[in-house]
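Bear in mind that the values in this text are calculations on the coordinates, not laboratory data. Owing to the predicted nature of the structure, the values given are computational and were not obtained by experimental measurement. Every residue, glycine among them, receives a Cβ derived from its backbone with ideal geometry; neighbour counts consider all protein chains shown.
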Amino acid sequence: MKAEFYDFYCLSEMASVLRFRKLCYVESAVKCTSVGYESFEIDEKLDKKEEDVLSANNFALEINKKRKQPKRQPKEWRCLDSCCWIIGYLCTTWWLLLFFYHCFPVTLLRVPELPGPGVRLKLEGLTALHPVVLVPGIVTGGLELWEGRPCADGLFRKRLWGGGSFTQIFKRPLCLLEHLSLHYETGLDPQGIRVRAVPGLVGADYFAPGYFVWAVLIENLAKIGYEGKNLHMAAYDWRLSFQNTEIRDHALTRLKSKIELMYISNGYKKVVAVPHSMGVIYFLHFLKWVETPPPMGGGGGPGWCAKHIKAVMNIGPAFLGVPKAVSNLFSAEGKDVSYIRAMAPGVFNSEILGLQTFERVMRMARTWDSIVSLLPKGGEVIWGNMDRSPEEGHVCDFSKKSHSKTSLTTNNVNNSDLKRGFLVKDLANYGRIISFGKPASILHSSKLPTSDSKVFSRTSTSENFNNFSCGEAWTEYDEMSRQSIQNVAADKAYTTTTLLDLLRFVAPKMMRRAEAHFSHGIAENLDDPKYNHYKYWSNPLETKLSDAPDMEIYCMYGVGIPTERSYVYKLSPNSRCKSIPYQIDNSVHGEDGSCLKGGVYFADGDESVPVLSAGFMCAKGWRGRTRFNPSGIATYIREYRHKPPTSLMEGRGIESGSHVDIMGNFALIEDIMRVASGATGDEIGGDQIHSDIIKMSERINLGL
Amino acid sequence: MSFSRRRKGTDSSKSQNLRCNIVKEDEKNNLYESPRKESYNSKKWSCWDSCCWFIGFVCSVWWFLLLLYNTMPASIPQYVTEAITGPLTDPPGVKLRKEGLTVNHPVVFVPGIVTGGLELWEGHQCAEGLFRKRLWGGSFGELYKRPLCWAQHMSLDNETGLDPPGIRVRPVSGLVAADYFAAGYFVWAVLIANLAQIGYEEKTMYMAAYDWRLSFQNTEVRDQTLSRIKSNIELMVATNGGKKVVVIPHSMGVLYFLHFMKWVEAPPPMGGGGGSEWCAKHIKAVMNIGGPFLGVPKSVSGLFSVEARDIAIARTFAPGFLDKDVFGLQTFQHLMRMTRTWDSTMSMIPKGGETIWGGLDWSPEGSSFNCGAKTLRNNSINNTDQIPNINLANMKNVNYGRIISFGKDVAEAHSSKIKRVDLLDSMKADMLANLTNCDIWIEYHDIGDHRIKAVADYKVYTAGSILDLLHFVSPKLMARGGAHFSYGIADNLDDPKYQHYKYWSNPLETKLPDAPDMEIYSMYGVGIPTERAYVYKVTTATDCSIPFQIDTSVEGGSEDSCLKGGVFSADGDETVPVLSAGLMAAKGWRGKTRFNPSGIPTYIREYSHAPPANLLEGRGTQSGAHVDIMGNFALIEDIIRVAAGATGKELGGDHVYSDIFKWAERINLQL
């Protein structure tokens, strides 16, 4: 028996195997068969030394577990063996390399990193002066679980969103979606679930491992002496409406207390706030809240901002909203998603695994009030109506947008009339945020059926019979009849004003909930007492800036990237239950040089926020003493032209202008650091404009 | 993960060797048993191939199991545990939620020394890439990778006790600062999880993280930590409808919070300017866990020779390993140099001198603690009855009062028989600075052989003279520490000198704030032998080492002796003796005393140590050890009840296993 096992291991002893087949003990037979090694026939043999058998037996057991190679062809490598061999080989090599890697001195292997502006500015003698408050935007902040359903066992105080890896999403996607959703009626926690923002700098330094958000800025600020006591991340739960973050978490009160503390403990130096993306309007809300008397506000008194804040440096500000939010709420998709859908039409739509990704995502996203805060504000006055838009004449050039852009734009300015002449036949009607079918997006408004908002009220009440066969209603689309769904599409084109009616029609509960917290209009008379309500505070067109003439407001954003501006939609082909009835028509393309691609009209911006939304308030709405800015707070526009990273070593680029990557833009970081260490807007060079924002603003007819 | 893989690797290579040996042996056998064996085929598996095959196989199996493990529902491990140990008792959070307790008072945690995380904000070249990574806490990976660099960054400036130039190491903020010390080693995590069960979350819990290396006042000077704590407490009281906070300091955090309470009411230039009402307005209760109010003898050995019992034992096992410069590292000297720059270690030198800790021939504990009775501890109520018997059996009186003695005979002889050479005389002896070429700074290299001999000649040191000793062997360190801490007993607390911040963390030199509604709890484990006094020897080693060591060869006479491995043990929680943790609540602050003029009620809650019954319990739910007590269900329940609004009376008042009240009577402290 001993010999058999040895033989089989050595592979060259076939003959002896056959010969010694009978050499086995009863005990060993039991054991051998019990581990499933059936290719042996084991018989009794009594003339064997017991020690041998025992030792061999142990060993054989070990091998048996690991091998299933038949005895018949011992000289041939089977596929499985080769596989094992290869894996083993690779692993060994990998470990060896890993070992060497760890043995190497750290400096030897470091990628020669470009020294950030922090090092240079430190040599210039800049030091930490004003405390800095970072306000993260939507999606980028981490969320962690404090109380959950049984399916989320073991995730207590683990990140559900952001920060760590998103492994949990893949492991239990439905559980996670359930926990990230809010209550549909109240917009607060559902029963038995508490998900909270991760506090501190870790809350939003990295979104995923290696994908920085604030980390680069933090690191550079640290170079000139910033640390925990003068650098604060105002983490908040970005799913909630702004006022609800105060009601549920006291987030605004905490921010106020933190700013006051930093102001005092840093020798009465005012604070520089650096909000990003949606954080910009969150901070706008905060500035109003803090000066409003207690029941609704923070009770800081009218001088609070003047006393505590030196500058608000808005990065990629979504002041007037983002068209992306429209497509997100309307059909849970964006440009990227619709491309994927075009490429692999089956994956998302089919009911494989019963996932229905889009529907579930939409169901979750519609419980988040904050997305509604990003709907375009200011209506047709700002975003354009059926036939005109402030961006008119924008030249889209998808092919070569990076390096030669500077020369191109100067040409643009000079020959814009000429170009318009060329392009007039395919002019982008940006004003029509949603149009059904390409013709509806191009034709002149007189040729379109009149978009009458009365159509909504009529259909919604009369045809409220539901197709209950679908069971539980997921999204509010399930509560709409097929007829009214088609009616919506028949209306052909919507501007930002009619868009709100459309959303109120397709998602009445959501809009009712969210519109208690946000408003999207333009104020006629800012002294109207109704504007003291918090729902107006995050809309720059319906609030006055606080009385703080020494404060500075910066609009810092990237330009030179095509940004979603309006959409061409179609009715979704499948009509089964629980599906989203509309989707972006990605088959629609314009001619070369057209701004229409894959059903999306593009304008200049930073990939998420169009220039119009980011720059208009600084360029016109607040410039000088206006009714929105009664104390004449100085505004500065700092635009950063997008240059994609030239090599892989640069990672996400040091001159990027895209919405999140701009946080690693060295020029932007330098501006922030200079202001934080005491410079004023004029000292860093005043306005720095690459886009046509000034011209666009002139076209907008807003009473100031 | 990577660790286990590596281990797999070595395992497999080992078994591979084994296999190859057997294969050879087996070949022999075959030769012997089957003479008609054919010659080896050229295509046979070599050892190397088998090796690869084996590793590959193990890896595949490993990954497969890992995959299975990851896809397994999370509840299975719990089933397994329950199957083995029987149904688990509900954690206190779940239990109390069923009783209907909910969030009431906001909670503030004050972590102790060592348990808080520290991260790097600015460093030298060698620490590149570690920006905002944890140097202390977490995995300690960097300690192994670049130990010298690590020690350099963890050290403070030798003169100022603040940052060295070009290095900024800062405390991690938020609950993550001290929930886990290292991966899987909880500190506050269990308490946090249980509080969350009844509804606590970030807005009602606050971790008052501070840089535990600094002296308490310096945390304010450098980081404004005290101001932040004040502001946060005020904020929590305001946002929770005026509910006062429950403060839960642990270990050194107890002293830190004592300092805070004085600081916050002191007027601005030195204090926080909160006014004399601040504590009364904002604090409901201070629930001190394992508080070293009167210091810890461990800190003496730490300062004197950088060792504690554990290290001393390790040293006897492998005498060469730690002391010799195997890798040129000189581990101990580096460690000593580093810890000596930390002012905070001096906050825990025993306070109150001989009045509290005992003189040459008496100590409050006498010999009443049965050091050998560890096994009997499970039913400790009976144990108190047994103590007289044990006293009879173990007649030898333990001289706990002699915190350091040189040689066992000295430790046990009566004081009249000890011949001592006065330390002060030898101070005058000529200073022969031996200019060794040790590149490491510790003050022992400045003091010369004469003085080292003089230290040993003085033979015995009590809690009073230990200060002289430390002043003698490390004058610079003590000069720095003396500016921040004081160790005496105040004769007259109204003396204006006691307004200085250096007295604020010594309960014997400050008055408690005027807050009669506040409550003070002393919660600590008992039943574990705790270091109380040491027997030292002078080492004969080479130039660059520390000249004193705990004499680990000294053992007590019998099994039950309190002297083991050169250390006298007394009752306590493994780190803090009962005397230090309980005396203030048992006597110093009990009722209206001069230390407690407003008569703040005090409660002693002792938790008898019961080691975990099996491995599955982890670190135990009834542990009384200094850090593990944070997972003690009884303690957690007490805290939750108080946080949810209960008073000390409702909890059951005092809850005492040890002889703390008896000892307190023996201490002649003027109240």
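Quick notes
- Enclosed volume per residue, in Å³, of the convex hull spanned by Cα atoms of the range B:138-190: 93
- Percent of C-alpha pairs per 5 Å bin, the range A:519-619, short to long: 2, 11, 13, 13, 13, 13, 12, 10, 7, 4, 1, 0
- For B:CYS279, net neighbour charge (Lys/Arg +1, Asp/Glu -1) across residues whose Cβ lies under 9 Å away: -2
- A simple spin-label model places the labels of A:ARG625 and B:LEU68 7.9 nm from each other, with each point 7 Å out along Cα-to-Cβ.
- Only Cα sites of the range A:215-294 enter the Debye sum here, all with the same form factor; the resulting log10 I(q)/I(0) across q = 0.15, 0.21 1/Å is -0.59, -1.07, listed in q order.
- Scattering profile of the range B:215-305 at q = 0.21 Å⁻¹ [log10 I(q)/I(0), Debye over alpha-carbon scatterers]: -1.08
- Number of partner chain Cβ atoms within 10 Å, mean per residue of A:218-229: 4
- B:LEU360, A:LEU123, A:LEU177 arranged by Cβ crowding within 10 Å, fewest neighbours leading: A:LEU123, A:LEU177, B:LEU360
- Taking the square roots of 5 times each eigenvalue of the Cα gyration tensor of the range B:166-242, largest first, gives ellipsoid semi-axes of 24, 20, 8 Å.
- Entries of B:LYS262/B:LYS511; B:LYS98/B:LYS284; B:LYS476/B:LYS511; A:LYS597/A:LYS643; A:LYS258/B:LYS203 with Cα pairs more than 20 Å apart: B:LYS98/B:LYS284; B:LYS476/B:LYS511; A:LYS597/A:LYS643
- By the Kirkwood approach, averaging reciprocal distances over each pair of separate Cα atoms, the range A:613-664 gets a hydrodynamic radius of 13.0 Å.
- Sequence-distant contacts, meaning Cα pairs under 8 Å at least 6 residues apart, place the relative contact order of the range A:491-575 at 18 percent.
- Fraction in percent of alpha-carbon pairs per bin - 10 Å, the range A:649-704: 20, 33, 34, 13, 1
- In plain terms, if you count all Cα to Cα distances in the range A:547-704 and split them into 5 Å steps from zero, the share in each step is 2, 9, 14, 15, 16, 14, 11, 8, 6, 4, 2, 1, 0 percent.
- Computed over the range B:583-656, the P(r) tail beyond 14 angstrom holds 67 percent of alpha carbon pairs.
- ³J(HN,Hα), Karplus 6.51/-1.76/1.60, whole Hz, each residue of the range A:86-97, x for Gly, Pro: 5, 4, x, 4, 4, 4, 4, 4, 4, 4, 4, 4
- The distance from the alpha carbon centre of the range B:108-151 to that of the range A:663-704 is 39 Å, rounded to a whole number.
- Max-minus-min Cα coordinates of the range B:100-182 on each principal axis give 55, 29, 18 Å, with the largest extent listed first.
- Per-residue average of Cβ from other chains inside 10 Å of A:85-97: 6
- Backbone geometry of the range A:181-195 corresponds, through the Karplus equation with coefficients 6.51, -1.76 and 1.60 at θ = phi - 60°, to 3J(HN,Hα) couplings of 6, 9, 6, 5, 8, 8, x, 10, 4, x, 4, x, 10, 10, 10 Hz, x marking Gly and Pro.
- Restricting the calculation to Cα atoms, the range A:249-316 yields a radius of gyration followed by a Dmax of 11.6, 32 Å.
- Overall form of the range A:479-543 per C-alpha gyration tensor (a/c, 1.5; a/b vs b/c): prolate
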